Amino acid sequence: MVMDAAILVAAARGRSSGAVIEAAMALNLVTTERALAEARRRIELGMQRPDLLPILDGLILDIIVIDAEAIEHLISAAERALREAPAGRNSSARDAHVLALAWEAEADIWTTDRDFAGAGVATWSTPNLMRALIEPEKATPI
């Protein structure tokens, strides 16, 4: 399961840290170094909560962080897919690295965004993912 920056920030804030721990026991969690850096910036500069960085550092121990070079060959296609996705239509390609990693890992994306809709991967909200881990037969991505 590929995690975007918003999920990492929410976990550091305590909103979904239990969910990350729960998911890490059942799934391989991955993210990009860019998503991790974005989460760090949001926490430290945007929220002005550098005290949460050690929490993020602790959570990231259970998450595989992928170097940008490993997915570089897919970034252009991911940017195009996000710009052209009918559901999002926001022309934002800033999360292309997350989509590229999902393609490379053949994985779904755990996110709070709808930016990935129509880009060819399933996305999961935290409540739906937790429900899927508890009751897999009732699981549906967002």
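Hey, among Arg42, Arg83, Arg114, Arg94, which residue is of a type in the set (D, E, K, R) and at pLDDT 90 or above? Full working, then the answer.
Working: Arg83 fails: at pLDDT 90 or above; Arg114 fails: at pLDDT 90 or above; Arg94 fails: at pLDDT 90 or above.
Unique residue meeting the criteria: Arg42.
A single member of Leu74, Leu52, Leu99 is assigned to a helix (DSSP H, G or I), over 14 Å from Met1 (Cα atoms) and in contact with a Phe, Trp or Tyr (Cβ under 7 Å, 6 or more places away or on another chain), and it is Leu74.
Out of curiosity, is Val20 outside any helix (DSSP H, G or I), in contact with a helix residue (DSSP H, G or I) (Cβ under 8 Å, 6 or more places away or on another chain) and either of a type in the set (A, V, I, L, M, F, W, C) or under 22 Å from Ala100 (Cβ atoms) (or both)? In short, no.
Leu53 versus (1) aliphatic (A, V, I, L, M); (2) over 17 Å from the mean Cα position of the chain (by Cα); (3) surrounded by 13 or more Cβ atoms within 10 Å (Cβ to Cβ); (4) modelled with pLDDT under 90: which is the lone unmet condition? Checking Leu53 against (1) aliphatic (A, V, I, L, M); (2) over 17 Å from the mean Cα position of the chain (by Cα); (3) surrounded by 13 or more Cβ atoms within 10 Å (Cβ to Cβ); (4) modelled with pLDDT under 90, the one that fails is (4). Checking each residue in segment 60-70 for being farther than 15 Å from Met1 by Cα, within 15 Å of the chain's Cα centre (by Cα) and of a type outside the set (Asp, Glu) picks out only Ala68. When residues in segment 108-129 are screened for being crowded, with 17+ Cβ neighbours inside 10 Å, closer than 19 Å to Glu84 by Cβ and of a type in the set (D, E, K, R), 2 of them pass. Of all residues in segment 15-42, those being surrounded by fewer than 18 Cβ atoms within 10 Å (Cβ to Cβ) and either touching a His at 6+ places or on another chain (Cβ under 7 Å) or of a type in the set (Ser, Thr, Tyr) (or both) number 1. Identify all residues within segment 121-138 that are in a loop (DSSP other than H, G, I, E, B) and modelled with pLDDT of 85 or more; write none if there are none. Once the filter is applied, which keeps residues that are in a loop (DSSP other than H, G, I, E, B) and modelled with pLDDT of 85 or more, segment 121-138 yields Val121, Ala122, Ser125. Of all residues in segment 77-96, those satisfying the criterion of being of a type in the set (Gly, Ala, Ser), outside any helix (DSSP H, G or I) and either free of Cβ contacts under 8 Å to residues at least 24 places away in the same chain or in contact with a strand residue (DSSP E or B) (Cβ under 7 Å, 6 or more places away or on another chain) (or both) are Ser91, Ser92, Ala93. Among the residues of segment 17-39 satisfying the criterion of being among the small types (Gly, Ala, Ser) and farther than 18 Å from Asp95 by Cβ, which is modelled with the lowest pLDDT? Taking the candidates together, the pick is Ser17.
The values are calculated or read from the model by the stated rules, or taken from the named source; none is laboratory data. Because the structure is a prediction, the values reported are computed rather than measured. Quick reminder, even Gly has a Cβ in these numbers, built from the backbone with ideal geometry, and neighbours come from all protein chains shown.
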